[in-house]
Amino acid sequence: NEQKKFRDEMSVLEEKIDGILASRSGTKEQDTNNRVLKVHIWDDTTLPMGYREKKLYSVEGFSTHPRTTLVDSAEDADLIAWVSVRGNTEKEIPPTNYSNVVLLDYADGCNVHQKRGELKHMIGYFKRSFVLRDKDSVYVRNCTLEEVTGGIFPFSYSGLEALVNKDIHKERNTLITSVLRTEGTHNKVRSRVVDWTKSFIEQHGLKNKSSLGDVGSGYSASGFDHTYLSHLADSKIIVTCNPWNWEGDFRLWEALLSGALVMVDKMAIPHWMPHPFVHKKHLIFYDTTNQSEFNSLLEYYIEHEDEARRIGEAGYNFVLDHHMSKDRVSYILDNIESRIVLD
């Protein structure tokens, strides 16, 4: 019943989005295809909250995309990108009086931005945490299904150049890795998955070949910890998991760009983005309620290392080809270009 509900709601969403795109295709106000758009990343005064989203993902995406260039002044911009993590919504200052504003909402949780109504000319709203999950991290519903026609689109993190392992063919010495943190309510399903992984490792006598827990610092203020990324690059299989009640974290993309075989809990949003991942082709999706299946998947890919390596490399290349920060900019432009009003 849950799977049928998921498929039915996904079909409704896809039909609505397809309808929006079809209706826009013949109604462009101006031709922007041959123009490089000047983009300003709006400062809502809440940095360092959202540093990675504002200063890494957005800067890299808009500066490397062939159809956009960054400008320092909002007055000089064709497009205003308001990047929000809603860490302190009351203090956020939105680009209220500007035209061609795109809201990139990276906040956790299901609710929409409380200040979006203050924007006088919002031409697109892209939300990362687009789905609600239950206590087992199983899909329940789309947070904003009824609002898709108002311009709210599913969104996702992506790969970053700083994460790319430049030598995916080197020998790897760690068989199974999980760097998931388990503290806090939002990590309770992650804790379950780590317990499953630990139990599997112990039962198969793999403790000397595997690693569980933090390695290095993970992130530094402006980049990525070399010890952490080197550890991922040394791993053959990486087990990761989303927070229990929402989708989307950095760890999936860190893992994929290491070139290891990635095992992640089943997700909805990647299926709604362009170029969806394919189970057992680019990565492995597992069920957070089925330990037996999880163990079987781990056991199979430990015994079939060549296949695991092929899937890991396929996932790595798939991200490089279709899921880098500039590809998210393409997705944004594909959905809002007909609304852009240029002088």
For this session: Over the Cα atoms of region 162-315, compute the convex hull volume and normalise it per residue, giving Å³.
Result: 116
Problem set entry | Under-5 Å amide H pairs with V131, H placed in peptide plane, nonlocal only | C143, E247
For this session: Using the Karplus curve 6.51 cos²θ - 1.76 cosθ + 1.60 with θ = phi - 60°, work out ³J(HN,Hα) for each residue of region 111-127 in order, rounded to whole Hz, and write x for Gly and Pro.
Result: 6, 8, 5, 5, 9, 5, x, 7, 7, 7, 9, 8, 9, x, 10, 10, 10
Seminar exercise, completed: Mean Cβ-within-10 Å packing, highest first, puts peptides 259-268, 78-87 in the order 259-268, 78-87
For this session: Using amide H atoms built 1.01 Å from N in the peptide plane, name the residues 5+ places from G124, or on other chains, whose amide H lies under 5 Å from its own.
Result: L103
Exercise. Sorted by accessible area (1.4 Å probe), largest first, how do L257, L212 line up?
Worked result: L212, L257
Exercise. How much accessible surface area, in Å² rounded to 10, belongs to the heavy atoms of K91 with a 1.4 Å probe?
Worked result: 140
Seminar exercise, completed: Spelling it out for K280: with amide H atoms placed in the peptide plane at 1.01 Å from N, the residues 5 or more places away or on another chain with amide H under 5 Å from its amide H are F285
For this session: May I ask what percent, to the nearest 5, of DSSP beta bridges between residues of the chain are antiparallel?
Result: 10
Exercise. By accessible area of protein heavy atoms, probe 1.4 Å, what ranking do H323, H226, H271 get, highest first?
Worked result: H226, H271, H323
Exercise. Which of L70, N97, L257 sits closest to the plus end of the dipole of the chain, meaning its Cα is farthest towards the positive end, when Lys and Arg get +1 and Asp and Glu get -1 on the C-beta?
Worked result: L257
Problem set entry | For region 290-302, 3J(HN,Hα) per residue [Karplus equation, 6.51 cos²θ - 1.76 cosθ + 1.60, θ = phi - 60°, Hz, x = Gly/Pro] | 10, 5, 4, 5, 4, 4, 5, 5, 4, 4, 4, 7, 5
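Quick check on the chain: what are the equivalent-ellipsoid semi-axes from the Cα gyration tensor, as sqrt(5λ), descending, whole Å? List each step's numbers first, then the result.
Details: eigenvalues 256, 93, 71 Å².
In descending order, the three semi-axes are 36, 22, 19 Å.
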Seminar exercise, completed: Scoring only Lys, Arg, Asp and Glu (+1, +1, -1, -1) among other residues with Cβ under 12 Å from the Cβ of T64 yields 0
Exercise. What full-extension length gain, to one decimal in nm, is calculated for H304 and L206 as 0.36 nm per residue of separation minus the Cα-Cα distance?
Worked result: 33.7 nm
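Expressed in nm to one decimal, what extension gain is obtained for the pair T96 and K170 from 0.36 nm per residue of sequence separation less their Cα-Cα distance? Walk me through the numbers before you get to the answer.
Working: separation 74, 0.36 × 74 = 26.64 nm, distance 5.07 nm.
Result for the pair: 21.6 nm of gain on full extension.
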Exercise. Hey, in the chain, which Cys have no second cysteine's beta-carbon closer than 4.7 Å?
Worked result: C241
For this session: Kindly state, to the nearest 0.05, the FRET efficiency for D76 paired with E118, given R0 = 25 Å and r defined as their beta-carbon distance.
Result: 0.65
For this session: Give me the angle, in degrees from 0 to 90, between the Cα long axis of helix 325-336 and the longest principal axis of the Cα atoms of the chain, rounded to the nearest 10.
Result: 40
For this session: Report the relative contact order of the chain, percent, no decimals, based on alpha-carbon pairs under 8 angstrom and at least 6 residues apart.
Result: 19
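Determine the dipole magnitude for the chain: charges of +1 sit on the beta-carbon of Lys and Arg, -1 on that of Asp and Glu, nothing else is charged, the reference point is the Cα centre, and the result goes in debye to the nearest 20. All intermediate terms of the calculation are to be shown ahead of the outcome.
On the way: 42 positive and 51 negative charges, 63 e Å.
In total the dipole reaches around 300 debye.
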Problem set entry | Accessible surface, per residue, of region 240-343 when the full set of protein chains is kept, probe 1.4 Å, Å² | 35
For this session: Work out, step by step, the length gained on full extension between D343 and S230: first 0.36 nm times the residue separation, then minus their alpha carbon distance; give nm to one decimal.
Result: 35.9 nm
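Can you put K38, K120 in order of accessible area, largest first, using a 1.4 Å probe?
Ranked from most to least accessible, the order is K120, K38.
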Problem set entry | Heavy atoms of R190 accessible to a 1.4 Å probe, total area in Å² rounded to 10 | 20
For this session: Measure off 7 Å from each Cα along the Cα-to-Cβ vector at E161 and D108, then give the distance between these two points in nanometres to one decimal.
Result: 3.0
For this session: Any chance you could look up the accessible area of D195 with a 1.4 Å probe, heavy atoms only, rounded to 10 Å²?
Result: 90
Exercise. Share of region 54-207's accessible area from carbon and sulfur, percent, 1.4 Å?
Worked result: 46
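A 22 angstrom limit on the alpha carbon distance is what I want to check against. Which of K166/K207; K209/K236; K236/K280; K91/K115; K166/K188 exceed it? Please list the in-between numbers first.
Numbers: K166/K207 28 Å; K209/K236 10 Å; K236/K280 15 Å; K91/K115 11 Å; K166/K188 34 Å.
The pairs that break the limit, which is 22 Å between Cα atoms, are K166/K207; K166/K188.
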For this session: Return the FRET efficiency for the residue pair S63, S292: r is the Cβ-Cβ distance, R0 is 35 Å, and the value is rounded to the nearest 0.05.
Result: 0.15
Problem set entry | For a label point 7 Å along the Cα-to-beta-carbon line of S199, residues of region 272-314 with backbone N under 12 Å | 289-296
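The values are calculated or read from the model by the stated rules, or taken from the named source; none is laboratory data. Since the structure is predicted, the reported quantities are computational estimates derived from the model, not experimental observations. For neighbour counting, all protein chains shown are included, and Cβ atoms are generated from backbone atoms with ideal geometry for every residue, glycine included. Side chains included, ligands, DNA and RNA excluded: accessible areas come from the protein's heavy atoms. Shrake-Rupley method; radii C 1.70, N 1.55, O 1.52, S 1.80 Å.
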